[in-house]
Amino acid sequence: MNVGFIGFGEAAYNIALGLYGEGLHGIKAHDALQNDPMMGKLVHKRAEEAHVELVDSSTAIAQWADVIFAAVPSSFTLGVCEEIKGVLKPGQHYVDVSASPPAIKKTIWEEIKATGVLFTDAAMLGSLPKKKHQVPITASGNGAAAFKETMAPYHMDITLAGEVAGSASAIKLVRSIFMKGIASLMIEMLEGAHAYGVADEVVASIGKSMDGTSFESHLNRLVTGTGVHAKRRAAELKGSIALLEDAGIVPRMTEASKAVHESLVDFNFAEMFIDKAPTQWEQIIDPVLENLQKK
C-alpha cells in the first residue's frame, strides 16, 4: 500500500514515524517548505528520521498514493484540494487531518466527490508526539469506514462519526471550546488564588467538589444549576471580578462567565422549575437554542 503525505509538519511526521514502526515502508511526502533555506532543514531532518522520501509536488503524491494524508495548516487545505483534484482516482483514500472547520471539509468533499475518491474528515484528538500514528482520530465522510478498515493492520485508533464530511471536525472544534476554555479558566483562577495566598486551599476545595464524579454528572449539575440560579450567580461574579482587579489581574474569563449568566436571566428558569428542579442539561440548552433560532 502506498501512503503519501501532503504537508510534512508535526502531524505527518509523527504519523509516518509510527506507521514505519508498524512495518509500513516506502512512505512519500511533499511539503511546500522542503526547499526553504531555513524551514527545509527541519522537513528533511524529519523525513530522514521517519524514513520518508520527499518528492517534488503534491500532485506527484496524489498520483502515486493509495492513501493521501492532507496534513497542511487549515488555511491551505482548500488550496491542496484544488491542486490535486484533477489527478484523484476512484477508490483512492483522501484523508484530511487539518484543523479546518466543518464548512471547509464539506467544500472539499463537494469539489472532489465526482472523482470517486473516498474522503475522510479526520480529527486528531490527542498528543501526536506521545501517541504518533495511534493518536485518537474521529473520522467522518463517505470513506471513513473504509479508511478505518484499511489502517486497522497498522493499529491506528479510529472512531467513526458517520458519513457526513465535517462531523468529525465539528466534534474536535466544539471539544476545543471546553478543553481550551477550562484551561484558560484554570489559569485565571490560579492567578487570583496565588495572588491572595490561598492556592492550596482553593485547589483542595474544588477537588472535593469535583473528584470521584463522572463528567456527565458534573455537566448536568453545573448547567442546570447555572440556569436556575443565573441572576444570583451573576451578581456574585461581580465580587469575583472586583477581587481579581484589586490584585491587578485582568478578569477575562470571569467577565465572560458573568455575561453568560446574565444572558440566562431572561429565560426565568427559576420560575419555570419552581416545582421540580431540572436534572438534564438539555432542559437549559434547548430553550436557549430555540430562542436563537427565532432571531
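The values are calculated or read from the model by the stated rules, or taken from the named source; none is laboratory data. The structure displayed is predicted, hence computed values, not measured ones. Every residue, glycine among them, receives a Cβ derived from its backbone with ideal geometry; neighbour counts consider all protein chains shown.
Points worth noting:
- Of the helices (runs of 4 or more DSSP H) that lie entirely inside the range 102-217, those containing 3 or more residues that are surrounded by 13 or more Cβ atoms within 10 Å (Cβ to Cβ) span 102-112, 144-151, 167-195, 199-210.
- Of all residues in the range 228-248, those that are of a type in the set (Gly, Ala, Ser) have Cβ atoms under 6 Å from Cβ atoms of residues that are surrounded by fewer than 17 Cβ atoms within 10 Å (Cβ to Cβ) and assigned to a helix (DSSP H, G or I), 6 or more apart or on another chain, in Ala230/Val265; Ala234/Glu262; Ala247/Ala195.
- Residue in the range 256-269 that is in contact (Cβ under 8 Å) with a residue 40 or more places away in the chain, in the same structural domain as Glu188 (by TED's automatic domain parsing) and in a loop (DSSP other than H, G, I, E, B) present: yes
- You will find that of Ser140, Ser176, the residue that is among the hydroxyl-bearing types (Ser, Thr, Tyr) and either free of Cβ contacts under 8 Å to residues at least 24 places away in the same chain or under 30 Å from Ser257 (Cβ atoms) (or both) is Ser176 and no other.
- Screening the candidates Val72, Val87 for the property of being surrounded by fewer than 20 Cβ atoms within 10 Å (Cβ to Cβ), in the same structural domain as Glu10 (by TED's automatic domain parsing), within 20 Å of Lys28 (Cα to Cα) and at pLDDT 95 or above yields one hit, Val87.
- Cβ pairs under 9 Å, 6+ apart, first in the range 98-124 and over 15 Å from Arg175 (Cβ atoms), second surrounded by fewer than 24 Cβ atoms within 10 Å (Cβ to Cβ) and among the acidic types (Asp, Glu): Glu111/Glu82
- Conditions (1) within 28 Å of Leu190 (Cβ to Cβ); (2) under 30 Å from the mean Cα position of the chain (by Cα); (3) at pLDDT 95 or above; number of the one not met by Ser240: (2)
- Here Met39 meets each of (1) farther than 20 Å from Pro129 by Cα; (2) free of Cβ contacts under 8 Å to residues at least 24 places away in the same chain with one exception, condition (1).
- Residues being under 20 Å from Glu149 (Cα atoms) and crowded, with 20+ Cβ neighbours inside 10 Å - total across the range 21-48: 1
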